[in-house]
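The structure appears right after this line, and notes come after that.
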């Protein structure tokens, strides 16, 4: 029996079939042009170095360049504002440190929301800080340092790379959790802070482990504890704060890849999967470990949970210490 099918129905059926078949093709075609990875700091920093390690491997994987572009200024907020307003098409990505989240609590008038205006893709690395003391400080353990600080309230000096930095916030967490008092001296960058600590002009600091490694090995600084949940690969003989009796002091830094809010789920999944694959490459893991950072490679959901919990944690510290960068 012959049934005549209206022309409009036939065309509609062909169109729907085309959409069904085109979906996987479109997803597989990404990226079909160069992708930009924005860095909110000057060249040479941790975000830049880690971003370039990823860019090199992902470019080869994709057959399309992943271009690293710098937009420094305002502790990363200039780059963040640009990325937040970019088209959510997968061609604008952003590598951040944990300061991206804490900036949301440090600044009251940002042109973006550090959580809501971004699509989490994958946590890339994690690393703890190391509490170091100048050899002139008569304390060789965390317990001895706390006792010394309580016997001399307000006299011990801590420095940091600047107000609101991870080294500053970790010191404030330490002060609040232990009930001690000290004098915080902020610097304009890690280099000046490190030099004055080595010279003995300042007594204590929570330092990036790779920066502290050689001075500790040379006996120019003394490492007391590290701030991670596990011992640092660079300081395997130094106890963690938990092992020293203060698990509430656990803190650290991390790097992650974000995109603008509204990034399609298939692109987010592709990016996350590819980043995880890169971080599992032996050569990449060795390079990152040598920098004192631990390769992670998380799902977007895991990164979203981390960002929310970090914002909650550090907002309490920032408010208790009355820190503001406005």
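Numbers below:
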item	result
Any strands (runs of 3 or more DSSP E) falling wholly within the stretch 98-196 and containing at least 1 residues that are closer than 30 Å to residue 273 by Cβ, out of contact with any strand residue (DSSP E or B) (no Cβ under 7 Å at 6 or more places or on another chain) and at pLDDT below 95	none
Sole exception among (1) buried (at least 18 other Cβ atoms within 10 Å of the Cβ); (2) out of contact with any strand residue (DSSP E or B) (no Cβ under 9 Å at 6 or more places or on another chain); (3) at pLDDT below 95 for residue 232, by number	(2)
Selection count where residues are surrounded by 20 or more Cβ atoms within 10 Å (Cβ to Cβ) and over 18 Å from the mean Cα position of the chain (by Cα), scope the stretch 250-266	1
Number of the exception - residue 202 against (1) closer than 22 Å to residue 295 by Cβ; (2) buried (at least 20 other Cβ atoms within 10 Å of the Cβ)	(1)
Residue check for residue 309: assigned to a helix (DSSP H, G or I), outside the structural domain of residue 225 (by TED's automatic domain parsing) and touching a helix residue (DSSP H, G or I) at 6+ places or on another chain (Cβ under 7 Å)	no
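The values are calculated or read from the model by the stated rules, or taken from the named source; none is laboratory data. Please read all numbers here as calculations on a predicted model, not as lab measurements. As a convention, Cβ positions derive from the backbone with ideal geometry for all residues, glycine included, and neighbour counts pool all protein chains shown.
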